[in-house]
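Only one structure is covered here, and it is reproduced in the block below.
The values are calculated or read from the model by the stated rules, or taken from the named source; none is laboratory data. If you're wondering where the values come from, they're calculated on a predicted model, not measured in any experiment. Methodologically, a virtual Cβ is constructed for each residue, glycine included, from the backbone with ideal geometry; neighbour enumeration extends over all protein chains shown. Surface accessibility is based on the protein's heavy atoms, side chains included, excluding ligands, DNA and RNA. Shrake-Rupley method; radii C 1.70, N 1.55, O 1.52, S 1.80 Å.
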Number of protein chains: 4
Amino acid sequence: MIGFIGLGIMGSRMASNLLDKGFDLIVYNRTRDKANELLEKGAKWADSPKELAQKADIVFTMLANPEIVEKLATGEEGFLSGMREGALWVDSSTVNPSFSRKMAQEAFTRGLRFLDAPVTGSLKPAELGELVFLVGGNEEDLEEVKPYLNAMGKSIQHLGENGKGSSMKIIINLMLAQNMAVFSEAVSLGEALGLEKEMVMETILNGPTAAPSLKLKKDKILSNQFDPEFPLEHIQKDLQLVSISAFEKNLAMPVANVTKEVYALAKQQGLSKKDFSAIYSFLSNSKTE
Amino acid sequence: MIGFIGLGIMGSRMASNLLDKGFDLIVYNRTRDKANELLEKGAKWADSPKELAQKADIVFTMLANPEIVEKLATGEEGFLSGMREGALWVDSSTVNPSFSRKMAQEAFTRGLRFLDAPVTGSLKPAELGELVFLVGGNEEDLEEVKPYLNAMGKSIQHLGENGKGSSMKIIINLMLAQNMAVFSEAVSLGEALGLEKEMVMETILNGPTAAPSLKLKKDKILSNQFDPEFPLEHIQKDLQLVSISAFEKNLAMPVANVTKEVYALAKQQGLSKKDFSAIYSFLSNSKTE
Amino acid sequence: MIGFIGLGIMGSRMASNLLDKGFDLIVYNRTRDKANELLEKGAKWADSPKELAQKADIVFTMLANPEIVEKLATGEEGFLSGMREGALWVDSSTVNPSFSRKMAQEAFTRGLRFLDAPVTGSLKPAELGELVFLVGGNEEDLEEVKPYLNAMGKSIQHLGENGKGSSMKIIINLMLAQNMAVFSEAVSLGEALGLEKEMVMETILNGPTAAPSLKLKKDKILSNQFDPEFPLEHIQKDLQLVSISAFEKNLAMPVANVTKEVYALAKQQGLSKKDFSAIYSFLSNSKTE
Amino acid sequence: MIGFIGLGIMGSRMASNLLDKGFDLIVYNRTRDKANELLEKGAKWADSPKELAQKADIVFTMLANPEIVEKLATGEEGFLSGMREGALWVDSSTVNPSFSRKMAQEAFTRGLRFLDAPVTGSLKPAELGELVFLVGGNEEDLEEVKPYLNAMGKSIQHLGENGKGSSMKIIINLMLAQNMAVFSEAVSLGEALGLEKEMVMETILNGPTAAPSLKLKKDKILSNQFDPEFPLEHIQKDLQLVSISAFEKNLAMPVANVTKEVYALAKQQGLSKKDFSAIYSFLSNSKTE
C-alpha cells in the first residue's frame, strides 16, 4: 500500500491520480476534510503520520515547507518512526537541497531509504497527471517508484544523488519568480511611457525575450485579476530557499535576493494569497495616476 | 540620396544593405576608415554631418548613445543645420524616449521631420537585412521611409507618436539584460549545488522558464568565452536609459536597477568590452573553487 | 545689488538673511506671492530672470532641480542673457556635478563667472543663517561672495574647481538618504522581533552605530507623523543625481541604487510630499498586523 | 566553577577577564592550543563540552554561528547532556533570535535554564572588559550571572525574554554592516568625482551623517589595508541571520538584503578573511583607473 501525506492543492490531485491508476492508497492530512473526496474513491485514512507509515510500503510527502516536513517526519508521532526497515520515503515537497540531504540522513540512520522528488507543473498538470519529477537519490530506488511517478507525471529527470532533485526544483522556481518580476517591471515601464498595455505585452510575449511560461499569466495581468494558481507567498518562500542555499555555498545572488524582497514587499501590501503574478499590481504605478 | 551617419558594427551593415538594394548613399563616420568598404561599393563620403545633410533627402543615424546623437545633430557643424526645409531625420540609435521627443522638437523647430526608429536584432540580422524596426512618429513619414527600412529589416512595428519607438526598444533591451542576469545566477546556483553545468543549462533552456533568446548565448557560457556580439557596456548603458525613463515617470524599478548595478560591477571588474553574457563569469563563483 | 532666484522653503529664508544683513536685494520666483514677505522688507521684484540679471551684480539661484536651473538660465528670457560681462552666478541648487560643470561652461562662453555653492542644513539652519556652503570654483570668485555666504551660513568649505561643491553636496545627501533607510529597516526588524519600538530606537540612537542626524527624526518615526521638513521626493531626486553621476564615472553603487528604488516605491504609495523619514512607514509592516 | 566554551578572538579575551577577576574557570575549545594561555593562568581544561558541563555551575558559550552552537549543545557529547539539573547556560554567540528561543526550549525540556547574552564591542573592548551585554531571559537568572558579566563588560542591557538579546544584537550588527557599505559607496563616489579621498572622508566623518563607529575604520580605508578586527565573512553571516529573521516575521528588508549580497560578492572576490571594511576595496573602482 502507498502512503500519501499532504493533501493540499497539489497533493490531493497527485494522490487522486494514484488511486485512478489502481494503486491502494492510505492518506494523512492535518485536516481530514481535505481527504473526503479521496476516501470516497477508496483511499484509507490514517489518524497520524506514524500510523500511515506502519501500513505503507512507500511514503509520499507533499508539504508546504521544510519546517512542516521535518515536524511530520522526525517528531515522536512522525512517520519515520513508523516505517518498516528498508521502506522508502519519497519527498515531493519543495525544499532546499541541504534539507533534503538532512532528511536523507535521518532516513538512513533509521535503516530507511529516501528520494527527493519535487515536481514542476502546477494545478492543471497535477490534475492531468502531467507533472515532471526531478529526482535525487539512488537509481534502484527510483526504478522501484517509477510506476507511481508515471501515474502522476509525464516524465522523470534523474539528476544525481540526494538533494539534486531539490536543487533543480528551486532553480526552476527561481526562474519562474524572476521572469514574472522582470516582465512586470517591463510592462509597467511601457505603460508609464504611454504605450498601450496589451500591445506592450503582446510585443514582448511574441518576441524572443519572453519565457513561454509568461504567456500563461497574460490574462491575469491584463485584467488585473490575480486568483491564485501559485500563491505569491509560496514563490517568495522558494526564493528564500534559494537565498539560503546560495549562502550555504558562498554564492552571491544579488538579483535573486532583491526579487525576493520585492515579493516580500508585495506580501506586506496584502498580496500573499494572490497568484504570484500579482507582483505586477505591486510594481505597476498605474493605480496612482 | 540617402545620408547615413554612424558606421559601427550595426550601422555599417545597415548602410551596406541600402547600397545593395540600389539606393544612392552618402555616409559620415567619426573615423573614415570604417567607411572604406562602403565607399568601394559606391557610397559617397561627407566630411561633416552638416555636409552630409546638405546633400541628402533623408538622414539616418545609428549612434552609440544620446550624448553623441545630440552632439552630431545640434552642434554648429551638426546635421540639423544642414538639412533642407521639410527633410526627414530617422534616428535608429538606442536612446531614451524623452530624448527622442527632445530631438523631434529640435527637428520641428527647424522645419524638419523626425522618426525614432531603433531596431531589434544584432550583428547577424543586421547583416542579413532581417532587423525589426520599432517606429515612433507620423504614419505618413513612416510610409515615405518604408522602402529603406524594408531594405534593412524584415518587419516594421509602428508604435505611435515620437518617442514610442524608443520606448519599446529600451523595454526589449531591458528584457534581454534581465534574462541574462537571471539565467546566470540560476546556472551559478546549479553549479554551486553540485549539478553539472551543461545539464542545468539544458534543463532550463529546454523548459518553459527560459526566453528563447538565451539559447543564442549557450555556447559562450558553456565555454566561458565571451567574444562580443553585444558588448556588456552597451547593455549597461541601455539599463541606464531604462532607469532614467522610469525616474522621469515616477516608476520604481527595483529589480532593473539592481541588475544595472550588477552589470556596473562587472564593468569595474574589466568586462566592459566582452559580450554581455559575460555577466555569468562575474556572478559565477566557480573561479574561486 | 544682489539678485536671488528661487524663493522656496530654503531660498526664501536665505534671501531673508541677506536682507537682514543690509544687502540690497532683487528677487524673482515663478509665483510672486512667495516673494511678498521679502518685498515688504524692502526687496525689489523682477518680472523675469533676465530682468533680474540686468539689475544685479551677482545672481544667486536656489532651485528644485537641474531641469529648472537650465530652463531659467539658458532660455531666451533666461538670466544668463541678461547678466553683464564678467558678472558672477552662484548656484546653490542641489544638482549633479556634471551639470554644474555644464552651467559653468554656459557662463564662461558668455564671458560670465560661475560658482556651485550648494548648502547643507535644512529649514531651521536656513532660517538662522547657519547653513554650510560647499563651494566649487575659483578662489577669487569665492572671496568676492564670502560676505553674502557669511550672511546666510556659518561656514564655507571650498572643495576645488567647479562641480566639486555639487559633488560633496550629493554625497552628503546620499548619506542622509541611506542612514534613514537603514535605520528604518533596523527599527522595523526590532518591532517585528517583538522589541518595543522606542527602546530599539533609543538603543541604536545612543550607540556608536547611529549617525547624529538620525536623532532629529526620532519623534517623527515614534509618532508616525511625517510632516515635511525635507520632502521624500526631493531626497529621491538627489539619489537619482547620485545614480547619474556614478554612471558617468563608471562606478557601481548597488546599495545606493536600491535605496533609490525603495524611496521610489514609497513615492508610488503616496508618500512623495511627506518628510523623507516616512520611508519608515513604507518599510515597517506594523500596519499589517 | 564557571565553564567557558569557545576561545576565539572574543571568547579567549572574555575568559581571561573572568580569570583575572578571580573566578574559577574550566574551558573547552575545538583546538586545545587556543587555551594554552588561559591554562597557564590557572584555568582547567575539559576534554569535551559534556565533561566541562559536568564540572561547571554555569556554562558560557561564545561560538561562531548557530550551527556550531547547536552541535556542541545538543549532540550526544554535547554540554546540555552533562549539565546538572537547574544549571544555567549563557550563550554569548551571535545567533538569530528564533535560534535562541529554540536553544532555550532545548534547555527547559532538560530542566535547565538559559540566557541569550550576546555582546557589542570587538577585540579591544573584549580585552579591556568593556563589552556591552544584551540579555534575553529571566530577571533572576540575569541577577545570578551579573558578577560574571560585570567581569567581562562595562554594562548590561536587559531586553526582555529569551531571544530578545539576540534580536538587539543582530540589529546592531545590521547597522554596522550597513554603515560601512554606505560609507564605502559615498567615499568611492567622491573619488570618482575627483575629490581627494581623505578630504571626502574627513568631511563626512566630521559631519552629522556619519555614525561614530565609522571613525574606527578611517585608517584602514585610507591606507587600503584591511587587517581583520571583525572579519568580512562574519558580518556577512550576521546579515544572513538578519535576513532569516526578517523572513520568519514576514518583514521585507530590501536594503539589508542587497548589502548582504554585496558582501557576498566581496567574499567571492577573496575578501572573506579581511576586515569587513574591505567592502570599500570591492566597491571602489579606483583600482581600475
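Taking 2.2 N^0.38 Å as the expected size of a compact globular protein, what ratio does the Cα radius of gyration of region B:168-288 give against it, to two decimals? Don't skip to the end; give the middle numbers.
Values: Rg = 14.2 Å, N = 121, 2.2 N^0.38 = 13.6 Å.
Its radius of gyration relative to the 2.2 N^0.38 Å reference: 1.04.
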Considering region C:113-178, what Rg and Dmax in Å follow from its alpha-carbon atoms?
11.6, 35
Please give the average number of partner chain Cβ atoms lying within 10 Å of the Cβ of each residue in C:201-211, rounded to a whole number.
6
Translational diffusion of region D:1-57, µm² s⁻¹ [Kirkwood Rh, Cα pairs; Stokes-Einstein; 4 °C; 1.567 mPa s]
120 µm²/s
What is the distance in Å between the Cα centres of region B:7-48 and region B:88-102?
21 Å
Need one value for D:158-164: mean number of C-beta atoms belonging to other chains within 10 Å of its residues' C-beta atoms.
3
When the charge dipole of chain A is computed with +1 on Lys and Arg Cβ and -1 on Asp and Glu Cβ about the Cα centre, the Cα farthest towards its positive end, among A:Pro125, A:Gly42, A:Ile9, belongs to A:Ile9
Once amide H atoms are placed 1.01 Å from N in the peptide plane, what residues at a sequence separation of 5 or more from B:Leu25, or on another chain, have their amide H within under 5 Å of its amide H?
B:Ile2, B:Lys44
Return the average number of partner chain Cβ atoms within 10 angstrom of each residue Cβ along peptide B:59-68.
0
Summing -39500 (n - 2.57) over the DSSP H runs of n ≥ 4 in chain D and dividing by its residue number, what mean residue ellipticity at 222 nm do you reach, to the nearest 500 deg cm²/dmol?
-15500 deg cm²/dmol
Please report, as a whole percent, how much of the solvent-accessible surface of region C:50-152 comes from carbon and sulfur atoms (probe radius 1.4 Å).
48 percent
For D:Val242, what accessible area in Å² do you get when you roll a 1.4 Å probe over the heavy atoms of the protein chains, rounding to the nearest 10?
0 Å²
List the GluC sites (Glu not before Pro) in region B:60-95 that DSSP assigns to loop (not H, G, I, E or B) and whose Cβ has at most 14 other Cβ atoms within 10 Å. Which are they?
B:Glu76, B:Glu77, B:Glu85
Among D:228-237, C:260-269, A:162-171, what's the highest-first ranking by average C-beta atoms within 10 angstrom per residue?
A:162-171, C:260-269, D:228-237
Whole number please: convex hull volume per residue, Cα atoms of region D:216-258, in Å³.
87 Å³
Measuring from its Cα centre, chain D shows a charge dipole (+1 at each Lys and Arg Cβ, -1 at each Asp and Glu Cβ) which, in debye to the nearest 20, is 200 debye
If I model region C:2-160 as equal point scatterers sitting on the Cα atoms and use the Debye formula, what is log10 I(q)/I(0) at q = 0.11 Å⁻¹?
-0.36
Here the percent of antiparallel bridges among DSSP beta bridges lying wholly in the protein assembly as shown, to the nearest 5, is 15 percent
How long are the three semi-axes of the equivalent ellipsoid for region C:140-209, computed from the Cα gyration tensor as the root of 5 times each eigenvalue, in whole Å, largest first?
40, 14, 8
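Can you tell me the accessible area per residue over the protein assembly as shown, all protein chains present, probe 1.4 angstrom, in square angstrom?
Counting only protein heavy atoms, the per-residue value for the protein assembly as shown is 36 Å².
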Taking a 18 Å limit on the Cα-Cα distance, which of the listed pairs A:Lys260/B:Lys274; B:Lys249/C:Lys237; A:Lys197/A:Lys217; C:Lys237/C:Lys267; A:Lys169/D:Lys71; A:Lys146/B:Lys197 fall beyond it?
A:Lys260/B:Lys274; A:Lys169/D:Lys71; A:Lys146/B:Lys197
Debye equation applied to the C-alpha atoms of region A:180-225, log10 I(q)/I(0) at 0.31 Å⁻¹:
-1.37
Note: chain D, point scatterers on Cα, Debye, no solvent; log10 I/I(0) at q = 0.07, 0.09, 0.12, 0.13 Å⁻¹ equals -0.28, -0.46, -0.78, -0.89
Overall dimensions of the protein assembly as shown as given by Cα atoms, namely Rg and Dmax in Å
32.8, 99
